[in-house]
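Worksheet: one structure, shown below.
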Amino acid sequence: MYGIHATTGPRRSRLLIVLFIFVIGLAILVGASYWVYSDAKGRGDDKAVLWGVLTALGFFIGLIPGVLVLVVYLVVRE
């Protein structure tokens, strides 16, 4: 009975908001991870891949852990 077109009205707008938040979060995760990796590699850090993965993992867990990983990276980088 219900097809693809059953999502209309308030349910559709909620779905679009959730999708928008997901896309923004994914962009932050990828952007921050790439920036940390590029910065660490540019500084000659042997652990650039580790920093990039830790940043991605932090932002995958949530915004606060991701920001904490960024702060730790900024403090310990040479």
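The values are calculated or read from the model by the stated rules, or taken from the named source; none is laboratory data. All of these numbers come straight from a predicted model, not from anything done at the bench. Cβ atoms come from the backbone with ideal geometry, glycine included; neighbour counts cover every protein chain shown. When the accessible area is computed, the model is the full protein with side chains, heavy atoms only, and any ligands, DNA or RNA have been set aside. Shrake-Rupley method; radii C 1.70, N 1.55, O 1.52, S 1.80 Å.
Taken one residue at a time, the phi angles of the stretch 56-65 give Karplus couplings (6.51, -1.76, 1.60, θ = phi - 60°) of 4, 5, x, 6, 5, 5, x, 5, 5, x Hz. Gly and Pro are set to x. Just checking the listed ones, Leu19, Leu54, Leu29: in the Gaussian network model of the chain with Cα springs under 10 Å, the one fluctuating most is Leu19. A simple spin-label model places the labels of Val30 and Leu57 2.2 nm from each other, with each point 7 Å out along Cα-to-Cβ. Result for the chain in a Gaussian network model with C-alpha springs under 10 Å: among Gly31, Gly58, Gly42, the largest mean-square fluctuation is at Gly42.
Applying 1/(1 + (r/R0)^6) with R0 = 35 Å to the Cβ-Cβ distance of Asp46 and Val18, what FRET efficiency is obtained, to the nearest 0.05? Intermediate values should be presented prior to the final figure.
Numbers: r = 39 Å, r/R0 = 1.13.
That pair, Asp46 with Val18, gives E of 0.35.
Accessible area of the chain with a 1.4 Å probe: how many percent of it is carbon plus sulfur? Before the final figure, lay out each step's value.
Working: 4580 of 6270 Å².
Carbon with sulfur: 73 percent of the solvent-accessible area.
Can you tell me, using C-alpha contacts under 8 Å and at least 6 residues apart, the relative contact order of the chain as a whole percent?
Values: 48 pairs, mean separation 16.9, N = 78.
Computed value for the chain: 22 percent relative contact order.
One decimal place: the segment Leu68-Asp39 gains 8.7 nm when fully extended, by the rule 0.36 nm per residue minus the C-alpha distance.
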